[in-house]
Amino acid sequence: MFDSSRLKPAASLVQPSLEGWPDAPLRQDGVHEFYAAGEQDGAAALALGLLCAVQARRNGEPSLWLRLAKSRQARQRPYAPGLAELGIDPATMVLMRLPDLQSLLRAAIDCVRHGGAGAVVMEMDGRAPAFDLTASRRLALAAEQSGTMVMIVRSGADPTPSAAHTRWQVASAPSVPLPGNAPGSPVFDVTLLRRRGGRDGLNLQLEWDRERSAFQAPRSGRAPLSGDNPALPAVRTGDAGRRSAA
């Protein structure tokens, strides 16, 4: 029998003081989809998924990062210094490279059902027809039973029906320069496309504060939408730094 005491507190995507934000945070026992707004926004969608996974960790559990070995994503390998710059300890990320989409979905279900991970991040590029409504329902049921948050990062695809608790569109936005014109913190332009049992349509820009491991409103106020500035140097083409693998 499932032990409800294993459920971990829900992770807050942003501070509750932000005006207009949904009154409930991302469900810890939920499935959440992050769609790249455009081809150039894949890094931003991945960044948001990984940072939400960081917030979902409560007791030192690892975060699992599942991706396909043969895809456009495979050319962009995890970059440990980039992860560390964001405040993500690469040692807490376990990377799993699967041969095909069916293997990725089976691994995701097994990992979520186990319940030992703080969060599971799944990358899927393109249409991914095997991830249909039935597959998403199985994943949502496993998440509700184990209390493991699931982030599904989609690029090169249009939103399709699923059992996800929330669905977001993500784009990168200009950061606020630091003193000396140094690069500022990542800023995301996010739109809530769907929220099960609640309202959608909310659009905000969020700045990541690595010191507090939290999201906040951009310090200069709302910036114009732009997809020209990737939000995360967490992946790079070619050989990368150290990474965990399974």
For the Glu61, Ser213 Cβ pair and Förster radius 22 Å, calculated FRET efficiency rounded to 0.05 is 0.90
Place the peptides 182-195, 117-130, 97-110 in order of packing, highest mean first, counting for every residue the other Cβ atoms within 10 Å and averaging per peptide.
117-130, 182-195, 97-110
At what distance in nm do the modelled label points of Arg106 and Thr92 sit from each other, each positioned 7 Å from its Cα along Cα→Cβ?
3.1 nm
At 4 °C and 1.567 mPa s, the Stokes-Einstein diffusion coefficient in µm²/s for the stretch 84-157, with hydrodynamic radius from the Kirkwood sum on alpha carbon pairs, is 98 µm²/s
With a Förster distance of 35 angstrom and the Cβ-Cβ distance between Asn203 and Lys70, calculated FRET efficiency to the nearest 0.05 equals 0.50
Compute the accessible area per residue over the stretch 30-184, keeping the other protein chains in place, probe 1.4 Å, unit Å².
39 Å²
Over the Cα atoms of the stretch 92-232, each weighted equally, I'd like the Debye log10 I(q)/I(0) at q = 0.09, 0.10, 0.16 Å⁻¹, rounded to two decimals.
-0.34, -0.42, -0.99
Would you mind calculating the gained length between Ala84 and Arg196 on full extension (0.36 nm times residue separation, minus the Cα-Cα distance), in nm to one decimal?
37.0 nm
Cβ-Cβ FRET estimate between Leu141 and Asn181, R0 fixed at 45 Å, reported to 0.05
0.35
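The values are calculated or read from the model by the stated rules, or taken from the named source; none is laboratory data. Since this is a predicted model, take the numbers as computed values, not measurements. Every residue, glycine among them, receives a Cβ derived from its backbone with ideal geometry; neighbour counts consider all protein chains shown. These area figures cover heavy atoms from the full protein model, side chains too; ligands, DNA and RNA do not enter into them. Shrake-Rupley method; radii C 1.70, N 1.55, O 1.52, S 1.80 Å.
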